[in-house]
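Here is the structure we will look at, set down as structure tokens.
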Amino acid sequence: MITISGLTKKFGAFEALKGIDLHVNKGEIYGFLGQNGAGKTTTMNILAGLSRPTAGTCQVNGWDLAKVTHPGDLHIGYLPEEPSFYPWLTGRETLEYLGSRWPKGPVKDRVQEMLNWVGLSEAAHRRVGGYSRGMRQRLGMAAALFYDAELILLDEPSSALDPEGRSDVLSLILDMKARGKTVFLSTHILNDAERVCDRVGILAQGKMVLEKSLETLIADNVKSLYDVVAPGEGITRDLLKSLEELPGILRVEAAGDKISISVDSPDREGKALLAFFAQTGLKIQSFALRRATLEDIFLEEVGKNGH
């Protein structure tokens, strides 16, 4: 659905994008990750046909952007970071205005369908100027999907929302995928990306530093470290010393009722640790190989690139 090669964008002497490459497959949620100022919104504006690149090629929804004369030709849905609506219109009137060219039946029926989808039916009669930020974002999601586009671009859709608002937006994004849509999601909120994305690309200082499926990325970054939680008084200095003397144990750290054990080989030492704790009779509440989070990986990759 999206293929970018060598994409560059300059603003005077400032190079915002430095030859980025990425690919978005049909039917997936692609997380475009980066810190504020990394170049995400610049990329989104180019993909939406609102800005021209300095160099490079972009294929969006089957279109070569160099040959597109009007953004509407792309037949995509686009939600900018801060969607703006006429504050004096109601939610229903807003969608009726934006969806006036709906070709597949009565516009009012489609408006009601979208209001139901984003959970704004009861607020449809209220003026948009009185909507909360979360409600405006949901209205923006309805507008982005109104014409049933196959490709949806979302620029920081959950930014500045409270936890409930973020959860609502993420649920709508997952539902877009369930409807067969392809979603290109720009965000700096890594927990959100980890909850919904199939693949991610990390942008740092205008350059792509990583692009992988989320499943592969997490699997490749499983840390060789076991976390053991043992409530009570069983964690003693003698126990920790015995742990340190086991073959393949690199480091043992304890805090409260938790022990973190760095190992040479997760499979081999994991079995040895289970046998060790079984012999001690220590009451174990949990025993788990630590899973790297997307935030861990992001910080590591961005750190390699000068941040």
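The values are calculated or read from the model by the stated rules, or taken from the named source; none is laboratory data. Everything numeric in this text was worked out from a predicted model, so none of it was measured. Positions of Cβ are generated from backbone atoms using ideal geometry, with glycine treated the same way; all protein chains shown enter the neighbour counts. For accessibility, only protein heavy atoms count, side chains too; no ligands or nucleic acids. Shrake-Rupley method; radii C 1.70, N 1.55, O 1.52, S 1.80 Å.
Structural remarks
- Boolean, Ile76 is touching a strand residue (DSSP E or B) at 6+ places or on another chain (Cβ under 6 Å) and β-branched (Val, Ile, Thr): yes
- Residue in segment 109-117 that is open to solvent by less than 10 Å² (accessible area, probe 1.4 Å) and under 23 Å from Glu194 (Cα atoms) present: no
- Screening Thr182 with (1) out of contact with any strand residue (DSSP E or B) (no Cβ under 7 Å at 6 or more places or on another chain); (2) under 26 Å from Gly27 (Cα atoms) gives one miss only, at (1).
- Residues in segment 235-259 that are open to solvent by less than 60 Å² (accessible area, probe 1.4 Å) and of a type in the set (Gly, Ala, Ser): Ser242, Gly248, Ala254.
- Condition broken by Lys104, with the remaining ones in (1) surrounded by fewer than 19 Cβ atoms within 10 Å (Cβ to Cβ); (2) not in a loop (DSSP other than H, G, I, E, B) satisfied: (2)
- Only one of Ala254, Ala219 that is among the aliphatic types (A, V, I, L, M) and within 30 Å of the chain's Cα centre (by Cα): Ala219
- Some residue of segment 266-275 being open to solvent by 70 Å² or more (accessible area, probe 1.4 Å) and touching an Asp or Glu at 6+ places or on another chain (Cβ under 9 Å): no
- Looking across Lys26, Lys40, Lys9, one residue alone is closer than 29 Å to Tyr131 by Cβ and touching a strand residue (DSSP E or B) at 6+ places or on another chain (Cβ under 7 Å). It is Lys40.
- Hits in segment 144-165 (condition: part of a helix (DSSP H, G or I) and either open to solvent by less than 60 Å² (accessible area, probe 1.4 Å) or of a type outside the set (D, E, K, R) (or both)): Ala144, Leu145, Pro163, Gly165
- The condition of being of a type in the set (Val, Ile, Thr) and over 28 Å from Leu250 (Cβ atoms) does not hold for Val228.
- In summary, Gly270 fulfils each of the numbered conditions (1) in a strand (DSSP E or B); (2) within 23 Å of Asp220 (Cα to Cα) with the single exception of condition (1).
- Test: residue in segment 192-213 that is among the hydroxyl-bearing types (Ser, Thr, Tyr), open to solvent by 20 Å² or more (accessible area, probe 1.4 Å) and within 22 Å of Lys40 (Cβ to Cβ): yes
- Looking across Thr57, Thr94, one residue alone is out of contact with any strand residue (DSSP E or B) (no Cβ under 7 Å at 6 or more places or on another chain) and among the hydroxyl-bearing types (Ser, Thr, Tyr). It is Thr94.
- Among the strands (runs of 3 or more DSSP E) confined to segment 1-80, the ones with at least 1 residues that are open to solvent by 50 Å² or more (accessible area, probe 1.4 Å) are located at 2-11, 14-24, 55-60, 77-79.
- Residue within segment 218-234 that is in a helix (DSSP H, G or I), open to solvent by less than 50 Å² (accessible area, probe 1.4 Å), small (Gly, Ala, Ser) and over 25 Å from His23 (Cβ atoms) present: no
- Taking the conditions (1) under 14 Å from Gly201 (Cβ atoms); (2) in contact (Cβ under 8 Å) with a residue 60 or more places away in the chain; (3) of a type in the set (Gly, Ala, Ser) in turn, Ser5 satisfies each one other than (2).
- Residue in segment 170-191 that is open to solvent by 10 Å² or more (accessible area, probe 1.4 Å), of a type in the set (Asp, Glu) and either modelled with pLDDT of 95 or more or closer than 18 Å to Asn36 by Cα (or both) present: yes
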